[in-house]
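Computed from the coordinates by the stated procedures, all read-outs in this text should not be read as laboratory data. These numbers were taken from a predicted model, which means no experiment stands behind them. Every residue, glycine as well, gets a Cβ built from its backbone with ideal geometry; the counts of neighbours run over all protein chains shown.
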Amino acid sequence: AYEIINQWGVGDKSKNNGAVLLLVPGEGKGWLTVGAGLEDYLTAGVLDEILNTYCWGYFDRGDYDAAVVNAVGALLEQYESYYGISLDEAGTAPQPAPGA
């Protein structure tokens with residue numbers, strides 16, 4: 001995930017504020033990472049909480065679409081808070097995954 005964020009240039013280059021959600025269903029693994037510009041705000045603990053609450057329950061059931069939609073929705077809420085913006089047009093609020 002770190003290689004992807006750097007190689008693809010995800011996020012604003014000067015702010016280094018991109019994010020990548022990488023899921024590997026065949027291996028039952030996944031990662032959520034952010035650029036260095038957000039690491040103090042979106043710590044590993046916050047990113048793990050997003051995955052644990054909004055992703056893994058769906059992922060484990062094979063509902064990968066819901067896993068992505070809800071994890072990204074939760075991540076967008078973090079961006080809204082950090083930047084003091086509203087992304088209401090992005091969709092509905094994320095739903096916690098089953099068992100979260």
So, with +1 on the Cβ of K and R and -1 on the Cβ of D and E, and no other charges, what is the size of the charge dipole of the chain about its Cα centre, to the nearest 20 debye?
-> 180
Compute the long axis of helix 64-83 from its Cα atoms, compare it with the longest principal axis of the Cα atoms of the chain, and write down the angle in degrees, 0 to 90, nearest 10.
-> 30
If all Cα-Cα distances of the chain are sorted into 10 Å bins from 0 onward, what percent lands in each bin, rounded to whole numbers?
-> 16, 47, 33, 4
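With an 8 Å Cα cut-off and a minimum separation of 6 or more residues, compute the relative contact order for segment 25-79 in percent.
This gives 31 percent for segment 25-79.
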Cα→Cβ-extended label distance, 7 Å offset, between ASN16 and LYS29, nm | 2.5
Of all GluC sites (Glu not before Pro) in the chain, the ones in DSSP coil with at most 16 other Cβ atoms within 10 Å are GLU39
With the contact rule set at Cα under 8 Å and sequence spacing of 6 or more, what percent relative contact order holds for the chain?
-> 21
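If you take the beta carbon distance between ASP40 and GLN7 as r and set R0 to 22 Å, what does 1/(1 + (r/R0)^6) give as a FRET efficiency, to the nearest 0.05?
The calculated FRET efficiency here is 0.40.
Taking only the alpha-carbon atoms of segment 53-100, what semi-axes of the equivalent ellipsoid follow from 5 times the gyration tensor eigenvalues under a square root, in whole Å, largest first?
22, 10, 7
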